[in-house]
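**Student:** Below are the structure tokens for one structure; questions will follow.
The values are calculated or read from the model by the stated rules, or taken from the named source; none is laboratory data. These numbers come from a predicted model, not from an experiment. Backbone-built Cβ (ideal geometry, glycine too); neighbour counts: all protein chains shown.
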Amino acid sequence: METTTLSVNTGGGETVQDLTGDAERFVAGRGDGLLSVFVPHATAGLALIELGSGTDSDLLATLRDLLPPDDRWRHAHGSRGHGRSHVMPAMVVPSLTVPVLGGRLALGTWQSIALVDLNVDNQHRTVRFSFLSG
């Protein structure tokens, strides 16, 4: 298995960041296999989603509705509503797998790989790409 890490700066605000180009560069020329994408953080997740059409804003709005940034959370250190960031990975999971065919991601036409982060207290994220040859 081949692996690498990517450092991502989320800017310290709620964000959906496109990782597709980074993933494409990592698998380029590697043949057939599986790409594993993993974020080793308790407050970030990954999504396969259409980006650039407003869906990323819709996702953040939906997460804000489901996980309000208020004082209801028992996990209550950091900024107001920080506990919701620890609940989010149960819904927006921290890992995903994408088939790779001929060194190219086998994504659907409108699918992108996105980092989802609601944690305004930590703007430095690590993403691990791992390729398993098939």
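**Student:** Determine which member of the set R84, R104 is modelled with pLDDT of 95 or more and among the basic types (K, R).
**Tutor:** R104
**Student:** Residue check, T5 against (1) surrounded by 14 or more Cβ atoms within 10 Å (Cβ to Cβ); (2) of a type in the set (V, I, T); (3) touching a Lys or Arg at 6+ places or on another chain (Cβ under 7 Å), all met but one. Which one?
**Tutor:** Going through the list (1) surrounded by 14 or more Cβ atoms within 10 Å (Cβ to Cβ); (2) of a type in the set (V, I, T); (3) touching a Lys or Arg at 6+ places or on another chain (Cβ under 7 Å), T5 breaks only (1).
**Student:** Being in contact with a strand residue (DSSP E or B) (Cβ under 9 Å, 6 or more places away or on another chain), among the small types (G, A, S), part of a loop (DSSP other than H, G, I, E, B) and farther than 24 Å from T62 by Cβ, is that true of even one residue in the stretch 2-10?
**Tutor:** no
**Student:** Within the bounds of the stretch 66-83, is there any residue that is within 15 Å of the chain's Cα centre (by Cα) and on the phi < 0 side of the Ramachandran plot?
**Tutor:** no
**Student:** Determine the pairs where a residue that is over 14 Å from L96 (Cβ atoms) and in contact (Cβ under 8 Å) with a residue 24 or more places away in the chain, located within the stretch 10-37, has a partner that is part of a strand (DSSP E or B) and charged (D, E, K, R) with Cβ atoms under 6 Å apart, the partner being 6 or more residues away or on another chain.
**Tutor:** Within 6 Å, the pairs are T10/D117; T10/R125; T15/D117.
**Student:** Which is crowded, with 17+ Cβ neighbours inside 10 Å, under 19 Å from T15 (Cβ atoms) and either in contact (Cβ under 8 Å) with a residue 24 or more places away in the chain or among the hydrophobic types (A, V, I, L, M, F, W, C) (or both), of L66, L48, L118?
**Tutor:** Exactly one of L66, L48, L118 is crowded, with 17+ Cβ neighbours inside 10 Å, under 19 Å from T15 (Cβ atoms) and either in contact (Cβ under 8 Å) with a residue 24 or more places away in the chain or among the hydrophobic types (A, V, I, L, M, F, W, C) (or both), namely L118.
**Student:** Against the conditions (1) more than 17 Å from the chain's Cα centre (by Cα); (2) surrounded by 14 or more Cβ atoms within 10 Å (Cβ to Cβ), where does T43 fall short? Just the number, please.
**Tutor:** (1)
**Student:** Is it true that V92 is under 13 Å from N119 (Cβ atoms), out of contact with any strand residue (DSSP E or B) (no Cβ under 6 Å at 6 or more places or on another chain) and hydrophobic (A, V, I, L, M, F, W, C)?
**Tutor:** no
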